[in-house]
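Have a look at the structure below before the remarks.
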Amino acid sequence: VFQLSVPLNFLGSVYRELRQSLLDMETLFNLQKVNVSIKEKPNAPPLQLTKGGEIRFENVTFGYREDSPILKNLSFTIPAGKKVAIVGPSGCGKSTLLRLLFRSYDVQSGRILIDDQDIRDVQLESLRRAIGVVPQDTPLFNDTVEHNIRYGNLDAPHSQVIAAAKRAHIHEVIEGFADGYQTKVGERGLMISGGEKQRLAVSRVLLKDPPLLFFDEATSALDTHTEQALMANINSILREKARTSVFVAHRLRTIYDADLIIVLKEGRVVEQGSHRELMERAGLYAELWMAQEMLMQEDGPLKETKEEG
Ligand code: ATP
């Protein structure tokens, strides 16, 4: 689970908002807690996206405890402007990998480079400003729908908030709420479904419009139809703007069109390539794909079973 990290980059802005008592003290406390061990080097320069956002893992090893590594000597490159998927069995370290990129934790050995800069050497704020995350479980603030989306970009006008919500397929749902965009959500407001929450999180990140986007099971609570429609929108935005994106997903149908699929198992890269290449390889990815296709067929009528050519 990629918890709590998304609002970290908004922490500065959150303080501003606090004066308007928009946020739980408890939430704020939790946000601060995650962050303490990560230190910025003195006079660290801001991250410069000179190559358009290429991400490189070089022999990265990391564990939450020193003696039990979760990621083991990982090396791979995520090309700038491409859509990359990280797949693999539950618990293999996919969310952990995203947390390292966001510098919620630092690597134990090896390094992570963005456009040739070690992320430990750059100004933390600039790193997090460059990244947008849709985490597995999105924290919602006890605030209006509008503000919850606007955490992505506090200066955005109402029209942009609406545009982001439309692209995330949530605008009509919001309009159906009693007070529309002014409806209070969160623990003390309207309880909304997991799928609605996910779409709010997607709106937030689309409004932020960062150069690097990470999606951690971002559409897992949606029905297949809504998921496909939302993914089509996300894909076209990413392509149009040539954003570097990383998707963690269990449902392989949401990522089979990725430029590169990296398959992890027990903290190591076991395969990488396009869907087609991995299917031809007949390894772990092909196995996972077939298993999911079979399940879908058992579950009911399947519209398009043909594999991508
Ligand atoms: P899933 O697909 O089920 O979300 P994942 O591949 O994303 O799994 P991670 O969430 O990265 O896996 O977790 C990798 C391992 O690290 C798991 O064994 C998990 O229990 C452990 N882990 C995750 N977060 C923490 C943490 N904050 N402290 C200690 N261990 C953790």
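Things worth noting here:
- Cross-chain or 6+ apart pairs with Cβ under 7 Å, the range 95-109 first and at negative phi, then within 8 Å of the ligand (Cβ to nearest atom) and assigned to a helix (DSSP H, G or I): Tyr105/Arg99
- Residues that are more than 16 Å from the ligand (Cβ to nearest atom) number at least 2 in the following strands (runs of 3 or more DSSP E) confined to the range 62-143: 71-78, 109-114, 131-134.
- Among the residues listed as Ile237, Ile261, the single one being touching a helix residue (DSSP H, G or I) at 6+ places or on another chain (Cβ under 8 Å) and open to solvent by 10 Å² or more (accessible area, probe 1.4 Å): Ile237
- Of all residues in the range 190-246 being acidic (Asp, Glu) and closer than 22 Å to Val161 by Cβ, the one that is farthest from the ligand (Cβ to nearest atom): Glu240
- Number of positions in the range 216-245 that are outside any helix (DSSP H, G or I) and of a type in the set (Lys, Arg): 1
- Members of the range 93-111 found to be under 19 Å from Asn59 (Cβ atoms) and either under 17 Å from the mean Cα position of the chain (by Cα) or among the acidic types (Asp, Glu) (or both), listed by number: Gly93, Lys94, Thr96, Leu97, Leu98, Arg99, Leu100, Leu101, Arg103, Tyr105, Asp106
- Some residue of the range 140-157 being surrounded by 20 or more Cβ atoms within 10 Å (Cβ to Cβ) and closer than 30 Å to Phe76 by Cβ: yes
- Selection from the range 184-217 of residues that are of a type in the set (S, T, N, Q) and open to solvent by less than 10 Å² (accessible area, probe 1.4 Å): Ser203
The values are calculated or read from the model by the stated rules, or taken from the named source; none is laboratory data. Small disclaimer: the values here were computed from a predicted structure and weren't measured. Cβ: placed from backbone, ideal geometry, glycine included. Neighbour counts: every protein chain shown. Areas reflect the complete protein model, heavy atoms only, side chains present, ligands, DNA and RNA absent. Shrake-Rupley method; radii C 1.70, N 1.55, O 1.52, S 1.80 Å.
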